[in-house]
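Engineer: Sharing a structure here in structure tokens format.
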Amino acid sequence: MLLKDKVALITGGAGINGLGFATAREMAAQGARVVIMDLERAEPQAAAVRLGEGHLGVVGDVTDKNACIAAAAATIAAFGRIDVLINNAGITQPVKTLDITGADYDRILDVSLRGTLYMSQAVLPAMRGAQGGSIVCISSVSAQRGGGIFGGPHYSAAKAGVLGLARAMAREFGIEGIRVNCITPGLIETDITQGKLSPDRKKEIEDTIPLARLGQAKDVAGACVFLASDLAAYCTGITLDVNGGMLIH
């Protein structure tokens, strides 16, 4: 198993059809002990129970630094270490540039970008103490191509910020054996997309993708497992595209 004896903390991981839970499920299958952090209404404890015995759910908001520190502390209290962080929590909003309000901007950037910073800050002391660890940040093809199907320009900006932050952290902490990488998913079928694409529109999008289908949550989960594992021991500061060829560059 690729993650035997590893401890992985996943933010925004309680949504059963989301990228975070798919990653939690795959990491558990690969031997990891998983901690799912999410908002109270998402019921992270119940999500952890679905993974089987030996996993943990913690309530927390990634935009609250103290909540991030508490989640890291709860992970260490339960399992003694943090080997992997998946910065998955994020929200989107389908609005145009001229319609973005200050509140919209703050809300979207706070979760994706500030949350990535705060959660990384929370786990880095434990990783530095162990002289090793893997942080995987979920960005988006929207950051690379200047927009997506569902997210507005502020979403693209937030996810582009995640790329820059992750690369800077990779440079800073590589000397201590801590790897920091990004995944840029394309259009993935999750709760966010359900009911929002007509069959004709979905077919139009699929026709532009070389692999001729939308992505599935497990496609991103597999990439997360790879970057978290020792198979990626010489990968840091990279951006791993998981988009079926939607963007080839």
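Engineer: Could you please find all residues in region 214-243 being surrounded by 14 or more Cβ atoms within 10 Å (Cβ to Cβ) and farther than 26 Å from ALA160 by Cβ?
Structural biologist: Once the filter is applied, which keeps residues that are surrounded by 14 or more Cβ atoms within 10 Å (Cβ to Cβ) and farther than 26 Å from ALA160 by Cβ, region 214-243 yields only SER229.
Engineer: Turning to a different aspect of this structure: Any idea which of (1) more than 24 Å from ASN181 (Cβ to Cβ); (2) surrounded by 24 or more Cβ atoms within 10 Å (Cβ to Cβ) is the one ALA71 doesn't satisfy?
Structural biologist: Against the list (1) more than 24 Å from ASN181 (Cβ to Cβ); (2) surrounded by 24 or more Cβ atoms within 10 Å (Cβ to Cβ), ALA71 comes up short only on (1).
Engineer: Next question. Within region 217-239, is there a residue that is of a type in the set (Ser, Thr, Tyr), at pLDDT below 95 and farther than 23 Å from TYR105 by Cα? I'd like the intermediate steps shown before the answer.
Structural biologist: Filtering region 217-239 down to residues of a type in the set (Ser, Thr, Tyr) leaves 229, 234, 236, 239.
Still in the list and also at pLDDT below 95: none.
No: region 217-239 contains no residue that is of a type in the set (Ser, Thr, Tyr), at pLDDT below 95 and farther than 23 Å from TYR105 by Cα.
Engineer: List pairs: first in region 13-26 and farther than 16 Å from VAL136 by Cα, second among the aromatic types (Phe, Trp, Tyr), Cβ under 8 Å, 6+ apart or cross-chain?
Structural biologist: Pairs that qualify, where the first residue is farther than 16 Å from VAL136 by Cα and the partner is among the aromatic types (Phe, Trp, Tyr), are ALA14/PHE21; GLY15/PHE21.
Engineer: Of all residues in region 154-213, which are assigned to a helix (DSSP H, G or I), surrounded by 12 or more Cβ atoms within 10 Å (Cβ to Cβ), modelled with pLDDT under 95 and of a type outside the set (A, V, I, L, M, F, W, C)?
Structural biologist: Hits for region 154-213 are LYS202, GLU206.
Engineer: Okay, moving on. Can you find, within region 1-23, the residue that is surrounded by the most Cβ atoms within 10 Å (Cβ to Cβ) among those that are in a loop (DSSP other than H, G, I, E, B) and in contact with a strand residue (DSSP E or B) (Cβ under 7 Å, 6 or more places away or on another chain)?
Structural biologist: For region 1-23, the residue satisfying everything is GLY13.
Engineer: Taking the stated definitions as given, is GLY52 over 28 Å from HIS154 (Cβ atoms) and in a strand (DSSP E or B)?
Structural biologist: no
So that you can scan it fast, the table gives a plain yes or no per residue for (1) within 24 Å of LEU113 (Cβ to Cβ); (2) of a type in the set (S, T, N, Q):
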site	(1), (2)
THR11	yes, yes
LEU19	yes, no
ALA24	yes, no
LEU51	no, no
VAL59	yes, no
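Engineer: So GLY151 passes all but one of these: (1) over 15 Å from the mean Cα position of the chain (by Cα); (2) surrounded by fewer than 18 Cβ atoms within 10 Å (Cβ to Cβ). Which condition number does it fail?
Structural biologist: Among (1) over 15 Å from the mean Cα position of the chain (by Cα); (2) surrounded by fewer than 18 Cβ atoms within 10 Å (Cβ to Cβ), the lone unmet condition for GLY151 is (2).
Engineer: Follow-up. With the condition kept exactly as written, say whether any residue in region 141-151 is basic (Lys, Arg) and assigned to a helix (DSSP H, G or I).
Structural biologist: Yes, region 141-151 has at least one match.
Engineer: Next question. Which numbered condition trips up ALA103, out of (1) in contact (Cβ under 8 Å) with a residue 60 or more places away in the chain; (2) out of contact with any strand residue (DSSP E or B) (no Cβ under 9 Å at 6 or more places or on another chain)?
Structural biologist: (1)
Engineer: Among what's in region 75-95 and is among the hydrophobic types (A, V, I, L, M, F, W, C), assigned to a loop (DSSP other than H, G, I, E, B) and touching a Ser or Thr at 6+ places or on another chain (Cβ under 6 Å), pick the residue that is farthest from GLY133 (Cα to Cα).
Structural biologist: ALA89
Engineer: Still on this model: Given (1) over 23 Å from LEU231 (Cβ atoms); (2) touching a residue at least 24 places away in the same chain (Cβ under 8 Å), identify the lone condition not met by GLN30.
Structural biologist: With (1) over 23 Å from LEU231 (Cβ atoms); (2) touching a residue at least 24 places away in the same chain (Cβ under 8 Å) applied to GLN30, the lone miss is (1).
Engineer: Still on this structure, I have one more. Consider VAL35 carefully, then state whether it is β-branched (Val, Ile, Thr), assigned to a loop (DSSP other than H, G, I, E, B), surrounded by 21 or more Cβ atoms within 10 Å (Cβ to Cβ) and free of Cβ contacts under 8 Å to residues at least 60 places away in the same chain.
Structural biologist: no
Engineer: Okay, next question. Just checking, how many residues over region 96-140 are assigned to a helix (DSSP H, G or I), farther than 23 Å from ALA70 by Cβ and small (Gly, Ala, Ser)?
Structural biologist: Residues flagged as assigned to a helix (DSSP H, G or I), farther than 23 Å from ALA70 by Cβ and small (Gly, Ala, Ser) within region 96-140 amount to 2.
The values are calculated or read from the model by the stated rules, or taken from the named source; none is laboratory data. Note that the structure is predicted; figures quoted are calculated from it, not measured. With ideal geometry, Cβ positions are generated from the backbone for all residues, glycine too; neighbour counts draw on all protein chains shown.
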